[in-house]
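Shown next, in structure tokens, is the structure this report addresses.
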Amino acid sequence: MPVFEVTSPDGQTFEITAPEGATQEQALEFAKLKFAAAPKTERGIPESLARQVGLTARAGMEGLADTAQLVTEPLRNVTDVLVPERPGQPKSTPLGVQAAKLADWMGLPQPENKLERVVQDTSKLMAGTGGMQ
């Protein structure tokens with residue numbers, strides 16, 4: 001059986017044993033499929049904590065901004081109608097969108113999977129209702 005040497009995207013080198021008659025390209029495709037299907041390495045505790053703090057900060061910012069839109073959106077819509085459009089100047093954007101862009105600019109993490117998205121939406125709701133108190 002032929003043995004091929006394959007280098008992964010992270011620089012590790014593996015030996016792939018292929019069936020007789022297999023080409024190096026076929027072995028490479030097999031390695032790509034196996035590498036893609038391999039479970040991702042888990043984060044350590046410090047990285048996980050930092051990620052959760054970042055997700056919490058993002059949820060707080062976006063939740064408060066979404067709640068503030070109860071007041072800012074009617075005002076924004078009125079000013080969009082009253083203020084004439086200027087060439088090269090974009091229309092105003094909702095406060096919630098601005099908060100999401102600010103969180104991206106700050107480098108705060110975004111939810112990566114279904115569970116994180118559900119928790120993020122719930123946290124945004126809690127932050128928003130807390131802002132109404």
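Bear in mind these aren't lab numbers, they're just calculated from the coordinates by the rules spelled out. Since the model is a prediction, treat every value here as computed from it, not as a measurement. Note that we place each Cβ from the backbone using ideal geometry, even for glycine, and neighbour counts take in every protein chain shown.
Using the Cα centre as the reference, give the magnitude of the dipole from point charges on the C-beta atoms of the range 75-133 (Lys, Arg: +1; Asp, Glu: -1; all else neutral), rounded to the nearest 20 debye.
100 debye
Can you run phi through the Karplus equation (6.51, -1.76, 1.60; θ = phi - 60°) for the range 99-113 and list ³J(HN,Hα) in whole Hz, with x for Gly and Pro?
Karplus-based 3J(HN,Hα) across the range 99-113 equals 5, 5, 5, 5, 5, 5, 4, 6, x, 6, x, 10, x, 9, 9 Hz.
In whole Hz and in residue order, list the ³J(HN,Hα) couplings for the range 65-76 that follow from phi through the Karplus curve 6.51 cos²θ - 1.76 cosθ + 1.60, θ = phi - 60°; x for Gly and Pro.
After applying 6.51 cos²θ - 1.76 cosθ + 1.60, I find 5, 5, 5, 5, 5, 4, 9, 6, 5, x, 5, 5 Hz.
For the range 62-133, just say rounded, prolate or oblate: build the C-alpha gyration tensor, square-root its eigenvalues into a ≥ b ≥ c, call rounded for a/c under 1.5, and beyond that prolate if a/b exceeds b/c, oblate if not.
Here the range 62-133 falls in the oblate category.
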